Amino acid sequence: MGGFFGIASRKDCMLDVFFGVDYHSHLGTRRGGMAAWDEEIGLQRKIHNICNAPFRTKFEHIFEEMRGTSAIGCISDADPQPLLIRSNLGTYAICMTGVINNADELIDQFLSFSGGHFDSMTGGKINQTELLSALINQKSDFTEGIRFAQKSIRGTASILILTETGSLIVARDRIGRLPVAIGKSEDGYAAAFESFAFHKTGYEDVCELGPGEIVELTPTAMTQLSAPLKEKKICSFLWSYYGYPTSTYEGVNVEEMRYRNGAILAENDKAAGKDAPIDYVGGVPDSGTPHAIGYANRSGIPFARAFIKYTPTWSRSFMPASQTDRDKIAKMKQIPVNALIKGKNLLFVDDSIVRGTQLKETVDFLYESGAQSVHMRSACPPIMYACKYLNFSRSNSDMELIARRIIVELEGEDGLNYIAEYSDGTTERGQKLRQAICDRFHFASLEFQSLEGVIKAIGLNPCELCTYCWDGKE
């Protein structure tokens with residue numbers, strides 16, 4: 001995934017941009033970068049690897065190295081950015097969120113007529129932000145260039161550009177899968193993936209950009225360069241998992257959605273007669289916790305934190321390259337509250353079940369700590385398709401997904417023709433899928449939120465939501 005933040009201001013904005021970018025750290029773990037514009041110095045840029053240390057510690061000396069009244073920054077789970085580009089459009093800094101799935105095709109097209117070249121990384125891979133800039137530079141201005149790039153890209157690209165005059169050019173991806181918010185203060189304008197990032201630095205909401213909308217920000221004005229398109233498909237997983245609890249997208253707060261979602265799960269269990277004796281409801285921390293609070297509030301079963309993640313010194317569990325190392329770190333972070341586990345029947349709500357590897361470690365840990373039974377609920381439907389539009393929770397193959405693997409084990413490749421049935425817990429196939437996962441992970445019971453339940457909890461028109469990872473509909 002990744003996120004970006006930028007400000008065009010009348011005064012030095014480096015401190016605000018530093019904090020604004022840092023507030024996007026939940027969206028990525030690989031690279032952090034900042035670029036600034038100063039009237040005397042011009043454009044400057046710094047990029048750091050943040051795999052083993054957070055953004056804040058890597059950029060704590062940035063105020064000694066850079067200054068500017070306009071600046072942008074990003075957290076990236078992919079390639080280093082922002083990049084500084086010199087082209088027919090001038091010199092500018094650029095960063096993006098999203099993914100370009102047809103990169104090889106676009107690279108070949110560009111090289112076939114341009115006579116140009118790209119800076120190649122290890123293995124011949126091209127930085128996708130550099131490819132994006134090459135597409136933009138084929139036109140005579142930024143607006144036409146961004147339109148051309150977004151039409152050419154199969155995938156998703158929200159774009160933030162800092163020009164050589166200090167203005168920001170901001171574009172939401174063509175179909176609006178990711179959010180872009182604009183804020184205003186007495187000193188200038190801000191743009192962010194997460195609007196709370198500019199709220200904390202003194203900016204008030206102006207608007208959320210529409211799908212494909214492009215604006216230019218200066219310290220004194222916001223100018224629309226391209227009107228929003230009609231079709232919108234914002235990612236539903238924003239609310240289920242990777243959106244921060246304080247975030248609001250399309251007018252819907254993440255934390256409130258998760259409470260509603262958990263309440264719907266509890267209602268579904270009651271309607272289906274799945275009301276085995278439970279002593280405590282808890283969330284798989286951290287993103288499962290608000291879903292569990294909603295479940296507990298609606299069911300009347302006490303909420304409890306039966307184990308706590310020890311986070312002061314442990315790095316984020318998905319950072320190491322090795323799955324074995326990630327699982328080991330995840331297990332080491334889990335500290336039991338034995339009085340809430342031993343001899344208890346526990347129900348946990350997780351935000352999702354993707355591969356299931358760390359979840360199995362968690363359940364084994366709970367039984368080792370004396371749990372009588374561990375029931376599991378997923379706050380979203382079975383994930384059946386690896387996302388091809390974003391690069392946060394992407395899988396390299398659909399067969400990395402536990403639900404897909406179980407289907408093939410149960411019925412062979414022919415079973416993939418019945419994905420809708422397997423997703424539905426009321427069907428025979430759906431019940432077999434859930435029982436097979438229970439057997440593998442030692443769950444006493446398992447249920448998934450329905451697609452209808454997720455959509456109801458979000459509260460937007462279904463046609464405005466991307467649900468591809470669950471139903472395969474583009």
Helix 254-271 vs. the chain, principal-axis angle (Cα, 0 to 90°, nearest 10): 20 degrees
Compute the distance from the alpha-carbon center of region 87-115 to that of region 405-433, in whole Å. 41 Å
What are the GluC sites (Glu not before Pro) within region 58-153 that DSSP puts in a loop, where the Cβ has at most 16 other Cβ atoms within 10 Å? Glu60
In deg cm²/dmol, rounded to 500, what helix-only [θ] at 222 nm does the chain give when every DSSP H run of at least 4 residues adds -39500 (n - 2.57) and the total is split over its residues? -8500 deg cm²/dmol
Distance from the Cα centre of region 1-19 to that of region 29-55, in angstrom? 11 Å
Any idea how far the Cα center of region 221-263 sits from the one of region 446-474, in Å? 14 Å
J(HN,Hα) series, region 94-110, from Karplus relation 6.51 cos²θ - 1.76 cosθ + 1.60, nearest Hz, glycine and proline x: 9, 9, 8, 10, x, 8, 10, 7, 9, 4, 4, 4, 5, 5, 4, 4, 5
Checked against a 19 Å limit on the C-alpha separation, the offending pairs among Lys151/Lys388; Lys46/Lys151; Lys333/Lys388 are Lys46/Lys151; Lys333/Lys388
Could you give the dipole magnitude of the chain about its Cα centre, charging the beta-carbon of Lys and Arg +1 and that of Asp and Glu -1, in debye to the nearest 20? 760 debye
Of the DSSP beta bridges with both residues in the chain, give the percent that are antiparallel, rounding to the nearest 5. 80 percent
For the pair Leu111 and Gln431, what calculated FRET efficiency results from E = 1/(1 + (r/R0)^6), where r is the Cβ-Cβ distance and R0 = 45 Å, to the nearest 0.05? 0.30
Aspartates and glutamates within cross-link reach of Lys125: Cα-Cα under 12 Å, excluding same-chain residues under 8 positions apart? Asp79, Asp104
Which entries in Lys274/Lys432; Lys270/Lys432; Lys200/Lys232; Lys309/Lys344; Lys230/Lys473; Lys11/Lys184 show an alpha-carbon gap greater than 25 Å? Lys200/Lys232
Loop-located trypsin sites (Lys or Arg not before Pro) in region 1-102 whose Cβ has at most 14 other Cβ within 10 Å (DSSP): Arg10, Lys11
Rounded to the nearest 0.05, what FRET efficiency do Ile41 and Lys473 have when you use their Cβ-Cβ distance and R0 = 51 Å? 0.55
Given charges of +1 on the Cβ of Lys and Arg and -1 on the Cβ of Asp and Glu, with all other atoms neutral, how large is the dipole of region 2-232 about its Cα centre, in debye to the nearest 20? 480 debye
Average Cα contact separation per residue, region 357-439, under 8 Å, 6 or more apart, as relative contact order %: 16 percent
For region 43-49, 3J(HN,Hα) per residue [Karplus equation, 6.51 cos²θ - 1.76 cosθ + 1.60, θ = phi - 60°, Hz, x = Gly/Pro]: 7, 9, 7, 9, 10, 9, 6
Where in region 218-252 are there trypsin sites (Lys or Arg not before Pro) that are in a DSSP coil and have at most 12 other Cβ atoms within 10 angstrom of their Cβ? Lys230
Folded to 0 to 90 degrees: helix 402-411 orientation relative to the chain principal axis, Cα: 50 degrees
Compute the semi-axes of the equivalent ellipsoid of the chain, taking the square root of 5 times each eigenvalue of the Cα gyration tensor, and list them largest first in whole Å. 41, 24, 21
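Bear in mind that the values in this text are calculations on the coordinates, not laboratory data. What you are looking at is a predicted structure, and each value in this text was computed from that prediction instead of being measured. Neighbour counts run over all protein chains shown; Cβ positions are idealised from the backbone, glycine included.
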